[in-house]
Ligand SMILES: Nc1ncnc2c1ncn2[C@@H]1O[C@H](COP(=O)(O)OP(=O)(O)OP(=O)(O)O)[C@@H](O)[C@H]1O
């Protein structure tokens, strides 16, 4: 099984305030890791650190066993990242947004985009400008990337935001399907996920006052 990411003895501070320390986990093919923790515990900060956007940290981050930032081209070539904002341009149509979002990877056909939009419940919305769609529909346009891009590692920050119950169930099914096909997923959400064998990493366990953090850490599943 490919070991994609490993996080060893990670410590992150923001504005001189310790968020967590002694954090350890690995992301292997087939894994779904749910980052949990109270508001402000550092879930997004951890994701930003993995993406290289917060370079001040202590600890070791590896991609396929080698230092992550030496391997960042391979990492980014294998990564689908969806941030907690949907990253949708309101002046563009659903189809134009998806063309723009997948352009760094490859050119997709209109048919593939239509299929992906149909998967997220937006059949017939291809040529609708996103400013005239709801928040949940905008999120669904972004989520259509999960049906378009063939990338093994997904990092999804609050992907369920604004999504209705049926959409949540469908997204959970897509995540489980990806993992079953040897993909790997890290996501943040406050939802209780209906996905078998999801591993939970609770950042509260690694917060400064926590005994796990002081004792060297562990992660639950
Ligand atoms: N833009 C920022 N500049 C400085 N500090 C920030 C910024 N955003 C967040 N922080 C600090 O970093 C800490 C961690 O924030 P982060 O967004 O990583 O938490 P989170 O676990 O993702 O929270 P939530 O569950 O509310 O999304 C917060 O307690 C906050 O004090």
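We did not get these values from a lab; they are worked out from the coordinates using the rules stated. Keep in mind that what you see is a predicted model, and the values were worked out from it rather than measured. Neighbour counts are summed over all protein chains in view; Cβ atoms, including those assigned to glycine, are modelled from backbone coordinates with ideal geometry.
To the nearest ten degrees, helix 110-119 and the longest principal axis of the Cα atoms of the chain are 60 degrees apart. For the options 174, 139, 38, a Gaussian network treatment of the chain with springs between C-alpha atoms closer than 10 Å singles out 38 as fluctuating the most. Against the empirical 2.2 N^0.38 Å (N residues), the chain has a Cα radius of gyration ratio of 1.04. Calculated [222 nm] ellipticity per residue, helices only, for the chain: -8500 deg cm²/dmol; basis is -39500 (n - 2.57) per DSSP H run with n ≥ 4, divided by all residues, nearest 500. The stretch between residue 84 and residue 72, if pulled fully straight at 0.36 nm per residue, gains 2.1 nm over its current Cα-Cα span.
Looking at the chain alone, DSSP beta bridges between its own residues are antiparallel in about 50 percent of cases. Against the chain, whose longest principal axis comes from its Cα atoms, helix 165-180 is set at around 70 degrees.
Label-to-label distance for residue 164 and residue 103 is 3.2 nm, based on points extended 7 Å past Cα in the beta-carbon direction. Please state, as a whole number in µm²/s, the translational diffusion coefficient that the Stokes-Einstein equation yields for region 87-151 at 10 °C and 1.306 mPa s, with Rh defined as the Kirkwood radius across alpha carbon pairs. In µm²/s, the coefficient is 141.
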